[in-house]
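One structure is given below, encoded as structure tokens.
The values are calculated or read from the model by the stated rules, or taken from the named source; none is laboratory data. Being a predicted model, the structure only gives us computed values, none of them experimental. Cβ atoms come from the backbone with ideal geometry, glycine included; neighbour counts cover every protein chain shown.
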Amino acid sequence: MSDAPVLLDVSPAGVAVVTLNRPDKHNAFNAEVISQLSDTFETLRANGDEVRIVFLRGNGGSFSAGADLDWMKAAAHYTEADNEEDALALATMLKRLYDLPQMTVALVQGAAMGGGAGLLAACDVGIVMKDAKIRFSEVRLGLTPATISPFVIRAIGPRWARALFASGEGFDGNFAHQIGLAQYVVENEDEMALMEEHLAKLAFSAAPGAVAEAKKLVDDVTGREIDHGLAVHTAKAIARRRASDEGKEGLSAFLERRKPVWAE
């Protein structure tokens, strides 16, 4: 395995696996890791037609322990402007992950602390080991989870976010599932592999363009009043899909009792 801090593997079928590859540091973030993740997500965005699903995982015993200690030591001597630039790089990386057109899946084992928990929140789907150790730990360091907060709050809502941000309380995979941070909990690596296979099958049965637009639809509709304006917006959205090449192919395949081209 390469010694690069972030690895990208894409199968000929279009399954992408992004691996945090600093197992000796519990896959903690530093500026290089953030930059490479950001570049990797941009590469995946640009290849949306070839890549159908993206798995994000950590090499070794942890998903990601958050910020690297040496990186934090260096940041202690930064100016406020330097710190803002540094934090913006992290926020940009998370936004690129959140905005990917493909289904994104976090595979979480061991520790997922701070920014590591932010990666989980920024993915569409979270699969966590039952005994995972998750924490929004920033307040224990005199900080706040500012850059990850938009993604976490969307995942778990403001009530739980306030409680967990303020307390810094740790929790396991079952609790992550209970509050909506993860959709699936598994007991072991074998169950994790089965869930990966299950989600990959679902991804390959769905039209790539429809997946991207369905993800965007959630953002467009969330928080809006259910009124005539929203009805018009959603009607136009489905009308565009029906008139699209994917929409026509999907309907034809259904009526002809065959698989659509994207599922062959």
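Of the residues making up the stretch 119-138, just one is at pLDDT below 95 and not in a loop (DSSP other than H, G, I, E, B), namely 138. Within the stretch 158-216, the set of residues being assigned to a loop (DSSP other than H, G, I, E, B), in contact with a helix residue (DSSP H, G or I) (Cβ under 8 Å, 6 or more places away or on another chain) and under 25 Å from residue 115 (Cβ atoms) comprises 168, 169, 180, 181, 182, 183.
So, residue 67, is that one more than 27 Å from residue 218 (Cβ to Cβ) and either in contact (Cβ under 8 Å) with a residue 60 or more places away in the chain or surrounded by fewer than 20 Cβ atoms within 10 Å (Cβ to Cβ) (or both) or not?
No: the conditions fail for residue 67.
When the residues of the stretch 1-59 are filtered to those that are part of a loop (DSSP other than H, G, I, E, B), polar (S, T, N, Q) and touching a Leu at 6+ places or on another chain (Cβ under 7 Å), which remaining residue is nearest to residue 82 (Cα to Cα)? Going through the qualifying residues, I end up with 27. Among the conditions (1) over 16 Å from the mean Cα position of the chain (by Cα); (2) free of Cβ contacts under 8 Å to residues at least 60 places away in the same chain, the only one that residue 153 does not satisfy is (1).
Per this entry, residue 155 is counted among residues that are within 18 Å of residue 122 (Cα to Cα), in a helix (DSSP H, G or I) and not hydroxyl-bearing (Ser, Thr, Tyr).
Is at least one residue of the stretch 41-49 acidic (Asp, Glu), farther than 27 Å from residue 208 by Cβ and assigned by TED's automatic domain parsing to the domain that holds residue 183? Scanning the stretch 41-49 turns up no residue that is acidic (Asp, Glu), farther than 27 Å from residue 208 by Cβ and assigned by TED's automatic domain parsing to the domain that holds residue 183. In the set (1) in contact (Cβ under 8 Å) with a residue 12 or more places away in the chain; (2) not in a helix (DSSP H, G or I), the condition left unmet by residue 77 is number (1). Among residues of the stretch 191-217 that are without any contact (Cβ under 8 Å) to a residue 24 or more places away in the chain, those with a beta-carbon under 7 Å from a residue that is of a type outside the set (Ser, Thr, Tyr) at least six positions away or on a different chain give the pairs 217/237.
Pairing residues of the stretch 100-120 that are at negative phi with residues that are among the polar types (S, T, N, Q) and surrounded by fewer than 24 Cβ atoms within 10 Å (Cβ to Cβ), at Cβ distances under 9 Å and at least 6 apart in sequence or on separate chains, gives 113/137; 115/147; 117/137; 118/147; 118/149.
All conditions but one from (1) touching a residue at least 12 places away in the same chain (Cβ under 8 Å); (2) under 23 Å from residue 5 (Cβ atoms) apply to residue 82; the one that does not is (1). Here residue 91 meets the list (1) within 19 Å of residue 189 (Cα to Cα); (2) not in a strand (DSSP E or B) almost entirely, failing just condition (1). Go through the stretch 43-60 and give me each residue that's out of contact with any Asp or Glu (no Cβ under 8 Å at 6 or more places or on another chain) and hydrophobic (A, V, I, L, M, F, W, C). 44, 46, 51, 53, 54, 56, listed by residue number.
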